[in-house]
2 protein chains.
Amino acid sequence: MGEFELIRRFFDRGPSRRCELGIGDDCAILRPPAPGTTLAVATDMLVEGRHFVAGADPVAVGHKALAVNLSDLAAMGARPLAFTLGLALPQADERWLEAFTTGMFALADRHECELIGGDTTRGPRAICVTVLGEVPVGVALRRDRAEPGDDLWVSGELGGAALAIHLGARAGRCERARLDRPEPRVALGIALRHLARAAIDISDGLTGDLGHICERSRVGAEVDWPALPCAPGLGALPEEDRPGIALAGGDDYELLFSAAPENRSPIEAIGARLGLPLTRIGRIVAGQGVRVLDARGRPMTLARSAYDHFA
Amino acid sequence: MGEFELIRRFFDRGPSRRCELGIGDDCAILRPPAPGTTLAVATDMLVEGRHFVAGADPVAVGHKALAVNLSDLAAMGARPLAFTLGLALPQADERWLEAFTTGMFALADRHECELIGGDTTRGPRAICVTVLGEVPVGVALRRDRAEPGDDLWVSGELGGAALAIHLGARAGRCERARLDRPEPRVALGIALRHLARAAIDISDGLTGDLGHICERSRVGAEVDWPALPCAPGLGALPEEDRPGIALAGGDDYELLFSAAPENRSPIEAIGARLGLPLTRIGRIVAGQGVRVLDARGRPMTLARSAYDHFA
């Protein structure tokens with residue numbers, strides 16, 4: 001199977017909704033954007049042996065490669081439009097491609113996000129997705145808008161994915177699903193436009209990603225450890241192991257956001273409408289840095305704050 | 001050096017012209033597009049050991065990773081705006097990054113194409129660039145617009161890059177430069193709006209890429225071998241080796257386009273203005289398939305038609 005046959009069989013799904021000109025030319029040409037909107041763009045690269053193990057279920061790999069990018073759109077309050085795919089493969093393995101594209105397109109279709117172009121080549125397995133979304137001008141949820149006095153919120157539960165890595169083969173189905181098939185919080189991001197002040201998606205761990213909000217907003221933050229919505233599986237761990245996994249494990253792909261206290265009711269209503277727990281976990285304060293407080297309000301000490309790909 | 005320090009040192013170049021919000025948030029947010037324009041999007045993935053050798057000059061690798069993408073914009077007549085970069089590296093090698101970004105940004109700056117986001121990770125060296133350009137609605141140069149009777153044109157010279165691969169260490173400076181630092185024909189693509197009918201950039205070899213125009217336009221094509229503007233170095237090869245290298249070697253990154261014969265004068269004027277040879281090499285005909293004709297008008301037989309990453 002040559003490169004072009006491969007594209008035809010696995011990636012070209014016929015007429016495009018998003019493009020005047022889709023897969024099969026030198027570039028895709030998007031339809032003109034809706035008036036008053038602008039484009040959000042994010043890129044993530046996944047490498048075998050680093051972001052997924054050799055022999056990982058290709059359905060899950062296809063899901064995750066797109067999910068981590070959709071999560072970036074969610075964190076901006078942007079609506080997914082389209083994505084491109086750069087794909088390096090050791091060989092043109094039809095069964096792998098069939099499963100990979102099944103996982104990828106199932107998620108893409110749920111978010112009406114269309115594959116509009118890409119490139120395939122032989123090489124060590126690596127996947128690079130660039131996603132495009134739209135958001136009204138001036139409305140995007142940024143990292144640099146948090147203000148002292150804001151509530152700090154987080155969606156869903158934390159630590160499930162990191163627990164799956166921690167437990168390895170002993171991980172339960174729930175944790176494995178959190179690691180392999182994170183659910184990008186796209187609807188939540190869109191609903192939080194005009195309600196949240198600052199937002200980020202948690203990919204490297206809560207404390208590290210909260211640190212980015214603090215740095216860029218020139219504020220500090222306090223997190224109440226007892227308030228944190230931890231994945232149920234963490235309860236089986238020794239108490240001293242839980243904070244590292246829930247706070248710095250990474251791969252959560254939940255949204256962390258700050259909002260003025262007067263927005264509590266509408267935010268709670270959004271959580272109820274989406275069937276997604278939204279939990280107040282602390283507050284933005286004047287100053288700098290992230291402090292995690294224990295049940296008695298005393299700062300806790302953490303071994304590491306976030307995942308770093310080059311540390 | 002951690003991931004964020006690396007981004008700060010090598011990739012974040014301060015305030016953005018193209019974005020409301022540039023590097024440092026979950027997504028880049030582009031400025032709203034000019035009225036009446038739309039976005040062209042292309043992605044290319046380069047893998048060490050396949051698109052460049054281990055130990056290749058990182059300045060050249062940085063140049064080429066962006067150049068092959070700008071060449072896709074050129075083939076659509078689109079003006080470069082911005083790009084994202086997915087980068088996998090075996091380690092955070094400062095000297096490599098310094099040289100790589102020097103090559104990449106030198107080309108980017110010449111085309112006012114701004115790095116707006118990306119992702120770095122540890123892994124076998126691979127580079128995935130996604131480029132965004134703008135083109136007025138309905139004006140993009142497509143592959144499917146060639147008509148019987150059109151002239152076939154090509155820019156520059158063919159076969160220089162393939163000759164460099166063929167000769168290996170014996171390659172001259174000129175051929176090496178063609179292979180390592182292809183010059184995307186961006187100004188030509190923009191100038192050809194409203195003049196060319198179909199266009200493509202030659203990345204896999206002239207006959208293969210011309211085949212794409214023929215297939216999508218449902219036409220055939222004849223190429224006059226003696227008319228072909230071959231790189232001068234090809235003259236030193238045995239005569240029978242020349243067609244394979246000039247016609248199917250690939251990596252040329254010249255533009256191949258069809259245009260109505262009444263546009264010959266304005267097209268020649270563009271070549272003169274840009275200081276770039278534009279050569280008529282044949283014609284679009286009714287039917288299908290690509291035929292290469294020798295000096296006496298007889299069809300030539302070629303061993304292979306194009307480079308295929310999975311063949």
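The values are calculated or read from the model by the stated rules, or taken from the named source; none is laboratory data. Everything quoted here is computed from the prediction, not taken from an experiment. All Cβ positions, even for glycine, are placed from backbone atoms using ideal geometry, and neighbour counts span all protein chains on display.
Among the residues of region B:269-297, those identified as part of a helix (DSSP H, G or I) and surrounded by 14 or more Cβ atoms within 10 Å (Cβ to Cβ) are B:Ile270, B:Gly271, B:Leu274. Please work out if B:Ile200 is within 13 Å of the chain's Cα centre (by Cα), touching a residue at least 24 places away in the same chain (Cβ under 8 Å), within 14 Å of chain A (Cβ to nearest Cβ) and not in a loop (DSSP other than H, G, I, E, B). Spelling it out, B:Ile200 is indeed within 13 Å of the chain's Cα centre (by Cα), touching a residue at least 24 places away in the same chain (Cβ under 8 Å), within 14 Å of chain A (Cβ to nearest Cβ) and not in a loop (DSSP other than H, G, I, E, B).
In the set B:Glu98, B:Glu114, only one residue is in contact with a strand residue (DSSP E or B) (Cβ under 8 Å, 6 or more places away or on another chain), in contact (Cβ under 8 Å) with a residue 24 or more places away in the chain, away from chain A (no Cβ under 11 Å) and within 30 Å of A:Ser203 (Cβ to Cβ); that residue is B:Glu114. Of the set (1) at negative phi; (2) modelled with pLDDT under 95, all apply to B:Gly14 but (1). Of all the listed residues (A:Pro277, A:Pro266), the sole one being farther than 24 Å from A:Asp144 by Cβ and at pLDDT 95 or above is A:Pro277.
When region B:10-36 is filtered for residues that are under 29 Å from A:Leu87 (Cβ atoms) and free of Cβ contacts under 8 Å to residues at least 12 places away in the same chain, the ones remaining, listed by number, are B:Leu21, B:Asp25, B:Asp26, B:Ile29. Taken over region A:165-180, the residue count meeting the criterion of being surrounded by fewer than 17 Cβ atoms within 10 Å (Cβ to Cβ) and either over 18 Å from A:Ala60 (Cβ atoms) or under 19 Å from the mean Cα position of the chain (by Cα) (or both) is 4.
Let's see how each residue does on (1) of a type in the set (Asp, Glu); (2) assigned to a helix (DSSP H, G or I); (3) out of contact with any Ser or Thr (no Cβ under 7 Å at 6 or more places or on another chain):
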| residue | (1), (2), (3) |
| --- | --- |
| A:Asp204 | yes, no, yes |
| A:Arg216 | no, yes, yes |
| A:Ala221 | no, no, yes |
| A:Asp241 | yes, yes, yes |
| A:Leu247 | no, yes, no |
| A:Tyr253 | no, no, no |
| A:Phe257 | no, no, yes |
| A:Asn263 | no, yes, yes |
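When you look at A:Leu39, is it in the same structural domain as A:Cys128 (by TED's automatic domain parsing), in contact with a Cys (Cβ under 7 Å, 6 or more places away or on another chain) and either of a type in the set (S, T, N, Q) or touching a residue at least 60 places away in the same chain (Cβ under 8 Å) (or both), yes or no? In short, no. If you go through region B:105-133 and keep only what is surrounded by fewer than 19 Cβ atoms within 10 Å (Cβ to Cβ) and assigned to a strand (DSSP E or B), you end up with just B:Arg122.
The numbered conditions (1) acidic (Asp, Glu); (2) farther than 24 Å from A:Pro232 by Cα; (3) away from every other protein chain (no Cβ under 14 Å) are all true for A:Asp180 except (2).
This table checks each residue for (1) at pLDDT 95 or above; (2) more than 8 Å from every other protein chain (Cβ to nearest Cβ); (3) buried (at least 22 other Cβ atoms within 10 Å of the Cβ); (4) not in a strand (DSSP E or B).
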{"position": "B:Arg50", "(1), (2), (3), (4)": "no, no, no, yes"}
{"position": "B:Ala56", "(1), (2), (3), (4)": "no, yes, no, yes"}
{"position": "B:Asp72", "(1), (2), (3), (4)": "yes, no, yes, yes"}
{"position": "B:Pro80", "(1), (2), (3), (4)": "yes, yes, yes, no"}
{"position": "B:Leu87", "(1), (2), (3), (4)": "yes, no, yes, no"}
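Can you find a residue in region A:224-233 that is without any contact (Cβ under 8 Å) to a residue 24 or more places away in the chain and of a type outside the set (Phe, Trp, Tyr)? So far as region A:224-233 goes, no, none of its residues is without any contact (Cβ under 8 Å) to a residue 24 or more places away in the chain and of a type outside the set (Phe, Trp, Tyr). Taken together, the residues in region A:249-280 that are among the aliphatic types (A, V, I, L, M) and more than 18 Å from the chain's Cα centre (by Cα) amount to 6.
With respect to (1) over 28 Å from A:Leu21 (Cβ atoms); (2) more than 7 Å from chain A (Cβ to nearest Cβ); (3) crowded, with 17+ Cβ neighbours inside 10 Å, the lone exception for B:Thr37 is condition (1).
All of B:Gly77, B:Gly49, B:Gly55, B:Gly86 fail the test of being touching a Leu at 6+ places or on another chain (Cβ under 8 Å) and outside the structural domain of B:Ala187 (by TED's automatic domain parsing), apart from B:Gly77.
Considering (1) of a type outside the set (A, V, I, L, M, F, W, C); (2) in contact (Cβ under 8 Å) with a residue 24 or more places away in the chain; (3) farther than 30 Å from A:Ile116 by Cα; (4) part of a helix (DSSP H, G or I), the lone condition that A:Gly189 does not fulfil carries the number (3). Surrounded by fewer than 16 Cβ atoms within 10 Å (Cβ to Cβ) and polar (S, T, N, Q) - does that describe any residue in region A:187-208? No; the residues of region A:187-208 include none that is surrounded by fewer than 16 Cβ atoms within 10 Å (Cβ to Cβ) and polar (S, T, N, Q).
Considering region B:136-157 alone, what residues qualify as being outside any loop (DSSP other than H, G, I, E, B) and within 7 Å of chain A (Cβ to nearest Cβ)? Correct list: B:Arg142 only.
Exactly one condition in (1) within 7 Å of chain B (Cβ to nearest Cβ); (2) more than 16 Å from the chain's Cα centre (by Cα); (3) aliphatic (A, V, I, L, M) is not met by A:Ile23; state its number. With respect to (1) within 7 Å of chain B (Cβ to nearest Cβ); (2) more than 16 Å from the chain's Cα centre (by Cα); (3) aliphatic (A, V, I, L, M), A:Ile23 is out only on (1).
Taken over region B:1-34, the criterion of being among the acidic types (Asp, Glu) and either surrounded by fewer than 14 Cβ atoms within 10 Å (Cβ to Cβ) or assigned to a loop (DSSP other than H, G, I, E, B) (or both) is satisfied by B:Glu5, B:Asp12, B:Asp26.
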